[in-house]
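Since the structure comes first, as structure tokens, the remarks are kept for the end.
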Amino acid sequence: METTYLIISTENAQTMNFAGLEQTFESCRKSVDESMCLISYKGPMPNDTFDGVTIINTMDIQECLTVMQTSEWFIANEE
Amino acid sequence: MISVFARNYGPVTICDPNNFYAASFDGVDDYAIVSGVGSIKATTDYFWSYWIKYNNTTSDGNLRWQWGQSISGNNQEDFIRILYQAATGNNRIEFNYRTSGTANQMTTYWNLYGANSSITGSTSSTDYWNASNTNINVNANGYVHLAFAYSGAAVGQPSSASSVRCYWNGQLMTATAGATSGNIINNGVTNNQWGIGINPYNLSTSNVSNMYFDSLFMIPDMAVFKSVNGFGASNEAQIVQILYNNGCPTGGIVNDARWLEMEFENSWTDSNGYGITLTAANGATFTSNHA
């Protein structure tokens, strides 16, 4: 089954538990300001909300990779 | 539960800020493989480090490959298998190296239970490492860090079951048993394949793994590695600790074709110039549930 990458709002996401999620809220990758969370998902394409959680973006992996390189998500290693 | 250390919880500066993905294998038929890699030889000191998360919720007795080396269709010469088996009495990790079939080989097992129970969390011979077993000592994302260090010996010398060590989450495991036979054989130049989640000898789906796999790091020559890199480690155990605590070798390591680092950041190509690209088979992909 295809893997889809979702950016969800961290608001109301603490208890999210819909089928197909590959992470819990605690372990998902957060954006720099911690308002968003990246998760991967296996299942039918979700709607705008799931289990009370707002889905901000639905992406394939190529788009996801591009988004993850933006300053909202990525902090370059200073070393 | 063990923390994820510096690895996961951006936005702080971490050792690998680009760590968004891991390789994903479905346990049905997925695997990754590369041919034309030459061969790891039994005469060299070799080292493997990776993070692994099993997603199967029940276990069968099949040998489940983590990493393997083989000539296609030939499981005799310079054949290596690193795997986990969940069978009654065989709840164990195995490292097997054959330089010429089972007549010239070494095998070491590490039971997850017994002497290693405090390290792995497994309580018995049937307390298996799978996704539904909360006893197993994993990090917050469900991963275990494994490292294997193999000490080479001269051609013509007997293989030794004690020549390989296994570290689970940075801790040296007690070898449960080993089996050796014959001597180390020089097979000359061989054209091997390396496989992740597959037996590269026969590509049998009976031996694939339902797992996520992240940050593979392989060192072909430990002595050279320690002398060249500003890694801050003078021995094997220290190298394991650095990899375990930081999650990945970046930060101090020199990009060099003499060692292999694969980050699985939506790419099957190594990240340090070693020069290999794995072929993902049957839908093997990436997950954001990284180590």
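The values are calculated or read from the model by the stated rules, or taken from the named source; none is laboratory data. In this text the structure is predicted, and so the values were computed from the model without any measurement. Glycine also receives a Cβ, built like all others from the backbone with ideal geometry; neighbour counts cover every protein chain displayed.
Give me the residue from segment B:267-284 that is crowded, with 18+ Cβ neighbours inside 10 Å, within 14 Å of chain A (Cβ to nearest Cβ) and in contact (Cβ under 8 Å) with a residue 24 or more places away in the chain and, out of that set, farthest from B:Ile219 (Cα to Cα). Per the stated criteria, the residue is B:Ala284. I'm checking my understanding of the structure. Among residues of segment A:27-44 that are farther than 14 Å from B:His290 by Cβ and at pLDDT below 80, which one is farthest from the other protein chains (Cβ to nearest Cβ)? Residue satisfying both the conditions and the ranking: A:Pro44.
Looking at A:Gln23 and the list (1) more than 14 Å from A:Met68 (Cα to Cα); (2) within 8 Å of the chain's Cα centre (by Cα), which single condition is not satisfied? Of the numbered conditions (1) more than 14 Å from A:Met68 (Cα to Cα); (2) within 8 Å of the chain's Cα centre (by Cα), the odd one out for A:Gln23 is (2). B:Ala140 passes all but one of (1) surrounded by fewer than 20 Cβ atoms within 10 Å (Cβ to Cβ); (2) within 30 Å of A:Cys28 (Cβ to Cβ); (3) more than 14 Å from chain A (Cβ to nearest Cβ); which number fails? With (1) surrounded by fewer than 20 Cβ atoms within 10 Å (Cβ to Cβ); (2) within 30 Å of A:Cys28 (Cβ to Cβ); (3) more than 14 Å from chain A (Cβ to nearest Cβ) applied to B:Ala140, the lone miss is (3). Screening B:Ala161, B:Ala223, B:Ala179, B:Ala175 for residues that are modelled with pLDDT under 95 and in contact with a helix residue (DSSP H, G or I) (Cβ under 8 Å, 6 or more places away or on another chain) leaves exactly one candidate, B:Ala179. If the requirement is being surrounded by fewer than 19 Cβ atoms within 10 Å (Cβ to Cβ), more than 11 Å from every other protein chain (Cβ to nearest Cβ) and modelled with pLDDT of 85 or more, which of these qualifies: A:Asn57, A:Asn47? Checking each option against the conditions leaves just A:Asn57. B:Met218 satisfies every condition listed in (1) at pLDDT 95 or above; (2) within 30 Å of B:Gly156 (Cα to Cα) except (1). With a requirement of 3 or more residues that are within 17 Å of B:Pro200 (Cα to Cα), the strands (runs of 3 or more DSSP E) lying completely within segment B:61-117 that satisfy it span B:63-70, B:79-87, B:90-100.
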